[in-house]
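J.: Right, I'll just put the structure down here and ask away after.
The values are calculated or read from the model by the stated rules, or taken from the named source; none is laboratory data. Given the structure is predicted, the values throughout are model-derived calculations rather than measurements. For neighbour counting, all protein chains shown are included, and Cβ atoms are generated from backbone atoms with ideal geometry for every residue, glycine included. With ligands, DNA and RNA removed, areas are computed over all heavy atoms of the protein, side chains included. Shrake-Rupley method; radii C 1.70, N 1.55, O 1.52, S 1.80 Å.
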Amino acid sequence: MSPQTPEDWEIITPDIGAPADDIMSAAADSSTTLEELASSTCSRISQRRLYPPSKINDALDKANARWVTEKEMPPTPFMAQSRMWLLSCYQADRQRIMEQEKDSHISHRRTVIGMEAHVSRTPLEHLDRDRVFSVHILVEDVDGDACSMELYNYPGTIGASSQLVDALFPVGSILAIREPTLKSAAHGGNPLLRVDCPSDVMWLEPDDEMLVGVEWKTGDRVPNSPELPSTEEEWKSRGNSHYQKGWYIPAAVHYGRGLQRFPSSTALRLNRAMAYLQLNYFEAALWDCEAALDNKEALGSLKPKALYRAARALYGMGRWNEAERKFAETAAEYPAQATDCQSWIERCKDRNSEATDGEYDWVAAFRTAQEPGCRMDLADFTGPVKAASLPSRGGGRGIVAKRNITFGELLVVERIAGSPKAADIVEQLYAGPSYSPPPSKYSIAPPGKVDVARLLHFNRDVDIGRIEGVLHINSFSPQSLRPSDFLIERVEVEEELVPCSLYLLPSLFNHSCSPNASWYTLGDVMIIRAICDIPAGDEVFLSYGPEGDSYLSRAKSNCLARVLGSCNCALCVRDRQAGESVCNQREQISAKIQSCTTISAALSHIKNLEGTFKGYAAADQYAMFMANKKLADLYIANSNLDDGIRTLFKRLGYLGLKVTDTSLRGPLPGSSQTTLPIKLAATEGSHAKRSLERDGVDLCLYISTTFGVDFKDPIRESKWQMSAEWLHDKCYGGGRELFRARYHED
């Protein structure tokens with residue numbers, strides 16, 4: 001029933017999740033209709049309500065308690081609701097959502113995650129067939145019992161509009177749902193079916209053998225459901241309509257359904273291949289194109305499309321040499337396409353050079369990455385590293401150096417994981433203690449020939465719980481390289497970036513708070529470089545969390561806690577050996593230094609702070625690095641530039657660099673006339689700090705500017721400018737050209 005009176009609103013407000021006063025305030029105008037009241041209330045509440053962390057945590061605790069209770073409940077008979085009442089409710093809700101979608105600035109989507117995802121592992125033929133559903137937002141079984149259904153993680157549904165969902169699930173579609181979960185709604189109310197795993201949904205055609213003998217109590221056809229196309233051209237037209245709207249999954253599905261009825265149709269097959277190309281499902285596109293090329297009798301005038309789309313598929317799969325040959329074949333046989341094919345041939349050559357030699361046009365890539373929403377066209381590259389089983393980790397995996405690696409070497413370039421071919425590799429990643437451990441060896445087997453006769457028909461069980469575990473533990477927070485201006489003081493962001501990107505090989509790098517490699521992204525491509533020399537056989541580490549004065553502050557990182565629980569890297573072990581009391585003392589002294597207002601007070605505290613780092617490598621002394629920043633600021637604020645610059649030299653030392661020329665005035669020392677004033681520290685066991693690429697370049701530029709502007713010394717200014725360029729090239733590549741592109745220099 002719908003609310004008719006203020007008392008009714010009082011009853012339903014707990015389900016809405018808003019105070020009754022908020023709702024009733026929307027009804028101040030006595031002429032407001034019930035529909036306007038409901039619409040206004042939802043709008044005002046969504047605008048006014050802020051959710052403090054305590055309220056969110058409380059809601060999550062209640063949801064978890066409800067889930068635990070439901071999990072322990074015995075099987076309960078399903079209580080069917082009125083079919084017509086549910087349908088009317090959904091029609092009203094649908095109308096409201098479609099009105100909201102007209103405003104492109106409003107998008108309100110909510111879901112509850114974290115509950116154990118159910119995945120059915122029972123083959124469909126082994127299940128009773130008395131629960132076959134016809135889906136039209138509401139679902140009903142063969143007996144006409146209707147129920148709401150929530151379908152999670154289904155391809156094409158994330159962020160989809162109502163119209164796209166209609167195209168994915170046309171009224172009257174017949175689905176077989178493998179072992180769905182019957183649960184209560186998040187805010188109470190009628191029970192609903194929840195399906196977490198897309199492989200639990202099986203599409204059935206009206207003539208499917210599973211439907212033999214099935215009689216629908218409500219009739220063989222749902223009222224207002226669309227008529228199925230009956231000719232090849234009608235199936236093609238239906239698919240083309242979806243394709244032109246950018247609805248590539250429904251388009252591919254309709255081309256595929258047409259092919260079931262007209263298997264020799266080359267037009268349907270090549271149109272489906274084009275839809276697959278748009279979905280980055282390159283293996284499937286190639287399969288369709290090769291099938292079309294094999295059917296020479298029906299190919300006819302469509303051959304150039306088949307060749308060209310096959311070449312595009314090979315390019316997308318990273319088979320650059322084969323793609324180049326296929327484009328050349330197309331251009332030779334069909335001169336009208338030669339110009340277009342030639343541009344693709346050049347791209348194939350570029351990608352092949354990238355994948356083979358690690359030779360990239362970093363300046364062009366940097367500029368492309370500045371475009372909003374760009375997808376980078378770069379090849380994956382794996383340098384002198386490999387995944388290996390590590391006895392030191394009990395047989396667990398990590399990344400090791402295959403040979404001696406030098407400071408600044410390119411180790412990995414990888415595009416974000418977004419292709420169906422990544423499924424096998426994703427299953428090899430660690431998903432958490434609740435799932436079986438990954439294999440000790442990491443293998444990337446080349447995919448065989450893919451048979452994709454029907455999209456959205458899964459040939460394996462998709463364990464969403466495991467996939468969510470992989471994403472939870474292995475996702476990265478993108479840090480795309482941006483134009484820089486070292487004179488603009490950075491604003492420290494209190495909240496951590498949200499991990500939202502999965503990269504496959506980078507996920508195998510283990511963590512260290514004192515890593516020997518660092519990473520950044522250009523658009524959706526990750527780049528990993530060595531930040532010090534790495535001997536052959538040594539493990540290569542990345543850092544998962546922020547820097548800190550000791551293991552005590554670093555342990556507070558949400559990312560580290562999520563992935564590791566506690567960190568046992570060499571630096572954290574060294575901190576624990578120093579003792580908790582020493583680390584607490586270090587943290588306290590560091591905090592005092594940041595509040596100092598005089599040079600003498602800062603110097604006194606820094607001397608005490610230095611005593612907490614006995615036996616530490618310079619690059620592991622983050623607190624000293626930050627303390628000297630404060631000291632340099634105080635010197636410069638008091639117009640003591642000499643000591644300010646000397647303190648900046650010390651800061652470079654805490655980044656793992658060695659300043660070879662500390663002179664401030666006069667002629668350059670003999671060796672400094674032909675060399676840079678900095679180099680990587682070369683002491684035993686030395687390494688660079690992971691913020692080297694950010695802080696080191698900026699420090700060199702600041703020193704250069706000070707020599708030029710304040711000391712009127714163009715020679716030292718130029719030397720330190722070249723030092724900044726050298727360090728930038730070691731960290732990002734691209735030489736002087738990329739440096740100038742980032743720092744807006746002509």
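J.: Relative to the present Cα-Cα distance, how much length would full extension add between Arg736 and Tyr435 at 0.36 nm per residue of separation?
T.: Gain in length upon complete extension: 103.6 nm.
J.: Which GluC sites (Glu not before Pro) from the range 135-216 combine a DSSP loop assignment with at most 10 other Cβ atoms within 10 Å?
T.: For GluC sites (Glu not before Pro) across the range 135-216 that sit outside H, G, I, E and B with at most 10 neighbouring Cβ atoms in 10 Å, the list reads Glu215.
J.: Treating only the Cβ atoms of Lys and Arg (+1) and Asp and Glu (-1) as charged, compute the dipole magnitude of the range 262-412 about its Cα centre; round to the nearest 20 debye.
T.: Computed about the Cα centre, the dipole is about 480 debye.
J.: Sorting Tyr503, Tyr743 by accessible area (1.4 Å probe), largest first, what list results?
T.: Final ranking, largest accessible area leading: Tyr743, Tyr503.
J.: Name the shape class, rounded, prolate or oblate, that the alpha-carbon gyration tensor gives for the range 267-360, where a ≥ b ≥ c are the square roots of its eigenvalues, rounded holds for a/c under 1.5, and otherwise prolate holds if a/b is larger than b/c and oblate otherwise.
T.: Cα axes put the range 267-360 in the oblate bin.
J.: Can you list the HN-Hα couplings for the range 654-663, worked out from phi with the Karplus curve (6.51, -1.76, 1.60; θ = phi - 60°), rounded to whole Hz and with x for Gly and Pro?
T.: 6, 8, x, 10, 10, 7, 8, 10, 9, 5
J.: Next question, about the same structure. Enter the Cα centre distance for the pair the range 503-536 and the range 317-333, rounded to the nearest angstrom.
T.: Going from one Cα centre to the other spans 33 Å.
J.: Now for a separate question. When the accessible area of the range 291-362 is computed with all protein chains present and a 1.4 Å probe, what percentage of it is carbon and sulfur?
T.: 46
J.: Hey, got the dipole for the range 602-746? About the Cα centre, +1 on K and R Cβ, -1 on D and E Cβ, debye to the nearest 20?
T.: Charge dipole of the range 602-746: 320 debye, to the nearest 20.
J.: For the range 622-730, taking Cα atoms only, what is the radius of gyration to one decimal and the Dmax to the nearest whole Å?
T.: 13.2, 38
J.: Using 7 Å Cα-to-Cβ label points, what is the Lys296/Lys245 separation (nm, one decimal)?
T.: 4.1
J.: Then there is this: Could you size up the charge dipole of the range 542-676 around its Cα centre, putting +1 on the beta carbon of Lys and Arg and -1 on that of Asp and Glu, and report it in debye to the nearest 20?
T.: Dipole size: approximately 120 debye.
J.: Measure up Lys296/Lys421; Lys402/Lys614; Lys556/Lys658; Lys630/Lys719; Lys592/Lys614; Lys614/Lys679 against 27 Å on the Cα-Cα distance and list the ones that go over.
T.: Lys296/Lys421; Lys402/Lys614; Lys556/Lys658
J.: May I ask you to compute the full-extension gain from Thr69 to Leu668, defined as 0.36 nm times their residue separation minus their alpha-carbon distance, rounded to one decimal in nm?
T.: 208.0 nm
J.: Sticking with the crude label model, points 7 Å out along Cα→Cβ, report the distance from Gln163 to Arg454 in nm, one decimal please.
T.: With each label point 7 Å from Cα toward Cβ, the separation is 2.9 nm.
J.: Given a cut-off of under 8 Å on Cα pairs at least six residues apart, what relative contact order in percent is computed for the range 543-671?
T.: It comes to 19 percent, rounded to a whole number.
J.: Moving on. Determine the distance separating the Cα centre of the range 402-418 from the Cα centre of the range 242-291; give it in Å without decimals.
T.: The range 402-418 and the range 242-291 have Cα centres separated by 36 Å.
J.: Rounded to the nearest 0.05, what FRET efficiency is calculated for Ala332 and Ser230 with R0 set to 60 Å and r the Cβ-Cβ distance?
T.: Result of the calculation: an efficiency of 0.90.
J.: Here is a follow-up. For Ser184 paired with Gln342, estimate the spin-label separation in nm (one decimal), with each label point 7 Å from Cα along the Cα-to-Cβ line.
T.: Simple spin-label model gives 7.1 nm for this pair.
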